[in-house]
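This report refers to the structure that appears directly beneath it.
The values are calculated or read from the model by the stated rules, or taken from the named source; none is laboratory data. Treat the numbers as computed from the prediction; the structure is a model and nothing was measured. Using ideal geometry, Cβ is built from the backbone for each residue, glycine included, and neighbour counts are taken over all protein chains shown.
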Amino acid sequence: MNLAFVVPGFAAAEKDWCIPAHTEIVRALAAEHDVHVFTLRYPHRADTYRIGNATVHSFGGADVRGIATAQLWQRVAREIAREHARNAFDVIHAIFGGEAGCLAVLSGKFLRAPSVVWLVNGELVGLREIGYGAALNAPLRWMNEIVLRYADSILCGCEAMVASAEARVDETRRARVELLPLGVDTTRFNPSPPAPLRKGNGASQFVNVGSLLPVKDQATLLRAFALVRREMPDAHLTIAGTGPLENALRALAADLQIDSCVTFAGNVPYEKLPALCRSADVFVQASRHEGQGMALLEAAACGCAVCGTKVGALRDLARRDAAIAAAVGDTAALADAMQYAFAERARLSAQSQQITDREYNLKHIAKRLVALYAHLI
């Protein structure tokens, strides 16, 4: 097959992990199919280059705003059409809705190729109290309406996203919406070998991985961890990620008098994340919204018990008794979930790892995608 992917950002080089899950699925598909990636905003250069067996067309639009945005979209659409004229695309697939999804759908209509859009972020939500979600932005709402109305297939990363998408499309189009998450590379994320930390210091290890942004709500996580420490005085929390809230979160940890047992690990390189997950007993998610939650699934694949807020893939795992879920923003409930997950970590880690390996692993997802493409063709 000849496949086109339209994305906001993609790896700038072989060792650049811009959005790892996107790179991994493209690499997997490009091993057996012709794949072209059209990336709008990142990397910050206009170029054509290779990542694995895929050809990447970058347009360097990171700082493009206003009327120049329309000109950027025209350049991308023309390049898709030029490549289609050379060798017709069987499917045009966007990862994310918004401008990437809209471009994929409109290009598909113009070129008479089926379009697929993956909704795995905040495309269908609007959390006004933290200014998060495409529903708060009129142009993005309009673009996502085009996606929902005209895409030939809409893929969602979790059951809640499926329900949201189905509620927004005409009843005759609901069959086009399905659960198909981004895949976890289980050759990279797996339980062995165990990291030395897991064997060594005897502390109860909790870990959180995510950008330090309001939607990830590490503030509630820190308050919950302060409660956990009253019952588990040896507990330690590692928060991996960077973002604009780092200074405020460090100050909060100091105010809560837990700064000595909280490590802000910063930007942990992607290749080191498996070791971080293997070193932990429990992965904790505190997010107010997740379109899926790759960090959670990668931790589960490494053998962590998982717990946290009832959003994204964690909600799906909790419904199958493979994770412990708490209400969004409920500090006491999150603290209880963390303690219960630690107590039940052997059972939870076995169940979540089994589900992740069976249903979320990259090879399985790639096969499902190829079957979907064949059906659309």
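Miscellaneous remarks
- Residue in segment 353-375 that is over 19 Å from Pro214 (Cα atoms) and assigned to a loop (DSSP other than H, G, I, E, B) present: no
- Single residue of segment 123-160 satisfying the filter (touching a strand residue (DSSP E or B) at 6+ places or on another chain (Cβ under 6 Å) and of a type in the set (Gly, Ala, Ser)) that is farthest from Pro20 (Cα to Cα): Ala151
- Inspection of segment 349-370 finds no residue satisfying the criterion of being over 16 Å from Phe189 (Cα atoms), buried (at least 19 other Cβ atoms within 10 Å of the Cβ), touching a strand residue (DSSP E or B) at 6+ places or on another chain (Cβ under 6 Å) and modelled with pLDDT of 95 or more.
- Some residue of segment 322-345 being under 23 Å from Leu180 (Cα atoms) and either basic (Lys, Arg) or modelled with pLDDT under 95 (or both): no
- Consider segment 90-106 and keep the residues that are touching a strand residue (DSSP E or B) at 6+ places or on another chain (Cβ under 7 Å) and surrounded by fewer than 23 Cβ atoms within 10 Å (Cβ to Cβ). The one that is farthest from Val26 (Cα to Cα) is Glu99.
- Meets criteria (more than 22 Å from Thr69 (Cβ to Cβ) and surrounded by 19 or more Cβ atoms within 10 Å (Cβ to Cβ)) for Val116: yes
- Neighbours by Cβ (under 8 Å, 6+ apart or cross-chain): first from segment 210-238, free of Cβ contacts under 8 Å to residues at least 24 places away in the same chain; second of a type in the set (S, T, N, Q) and assigned to a helix (DSSP H, G or I): none
- When segment 24-53 is filtered for residues that are hydroxyl-bearing (Ser, Thr, Tyr) and surrounded by 23 or more Cβ atoms within 10 Å (Cβ to Cβ), only Thr39 remains.
- Pairs where the first residue, in segment 52-77, is farther than 15 Å from His36 by Cα and the second is of a type in the set (A, V, I, L, M, F, W, C) and part of a loop (DSSP other than H, G, I, E, B), C-beta under 8 Å, 6+ apart: Gln71/Val64; Leu72/Val64
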